[in-house]
Amino acid sequence: MRKLFAFCTLFLLSYTMFGQENCYPLYFEDAAGNRDTVWFGDAPSATFWLDEHLGEVNLINEPVDSVFEVFFTDAVTGGMYNPDDFFDCYLDFDQTPSFITKTQFVNYYEGLFNWFELGMIAKNWPVTISWDQDEMVQYVSELGNPACNLYLYSWSPPVSLIGDVHCVGNWPNDYTLLNETSQVVVDSSNFGHYSAPTISSDSVNLFFIYYSRFSNTQIFKTGKITCRYFSDKKILKIFNLSTSKLFTINLFDGFGKIHLSYDTKIKQGQNAIIDIHHLEKGFYIVSVSSLGKSPIHKTQKILIK
């Protein structure tokens, strides 16, 4: 834990808006009483990578505390300049980050990046993560859309859907909304893990902060196929701009249990509409796939509220 750097961060940054930037702390404490803090927020000039003009200091060449350390990094998402490719990486080989930092801004308003990747080195479990809930309620309300939510979660897709992903975690209750509570207690099993020798000789625990407008339309695309989830109507709409194909649409919960399997032939330029009113509230994985020439396969998480 870098106490001097944390002190400098506390001195330079406030919890509330300064200029056009917002910056807020997340507090971490392990079972042995070791503590650490990171700062996250948004700024109009921010990128997902290191922004020195915003005070983001690259600590990649400094030693990491082998007992307890938390940081922002691009170890898993590094080199992926297209946010749509975020979930296309694998954890079964060494990750090589270009930075680790205790403070990170992203440009939420431009829609360029709407997540933060974090890594944790921990020996004493469980770990308590806490924050000021009132600040998060205020921050979410200032984002310009009352339907926006900010949440913590790990990477926990069903392994059978993704392929060569190993050791992915199962976050408590799948996700934690920062504006609806003030802390979450996590264990090693709640995280995805990867090896990053340039950071630490120990495995790194992977998790994220993520922005999402749950009440708005959630869209994901693959090639000329667009899938839209309308939470107010509780329907999925798949639009096909490619040649007519037979598609299979599956919905899985966080444990990999299938709740819907739907085969349909979608003609070029037409929609398939699927009613999902019968599904209970929670996160689901939508899988859209086709067979034949130029097969298509895409997965995406949605939240049914």
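Readers should treat all values here as calculations from the given coordinates under stated rules, not as data from a laboratory. Because the structure is predicted, anything quoted here is derived from the model rather than measured. Here the Cβ is made from the backbone with ideal geometry for all residues, glycine too, and neighbour counts use every protein chain on show.
Just subtract the alpha-carbon distance of Ile304 and Asn271 from 0.36 nm times their residue separation and send over the number in nm, one decimal.
My answer for the length gained is 9.8 nm.
Full-extension gain between Asp253 and Glu52, please, as 0.36 nm times their residue separation minus the C-alpha to C-alpha distance.
Result for the pair: 68.3 nm of gain on full extension.
For the pair Tyr27 and Thr264, how long in nm is the line joining their label points, each one 7 Å along Cα→Cβ?
Distance between label points: 4.9 nm.
I want to check the label-to-label distance for Glu280 and Ser130. Put each point 7 Å from Cα in the C-beta direction and report it in nm to one decimal.
Label at Glu280, label at Ser130, 3.1 nm between them.
Given a Förster radius of 30 Å and the C-beta distance between Ser201 and Arg35 as r, what FRET efficiency does 1/(1 + (r/R0)^6) yield to the nearest 0.05?
Calculated value: 0.85.
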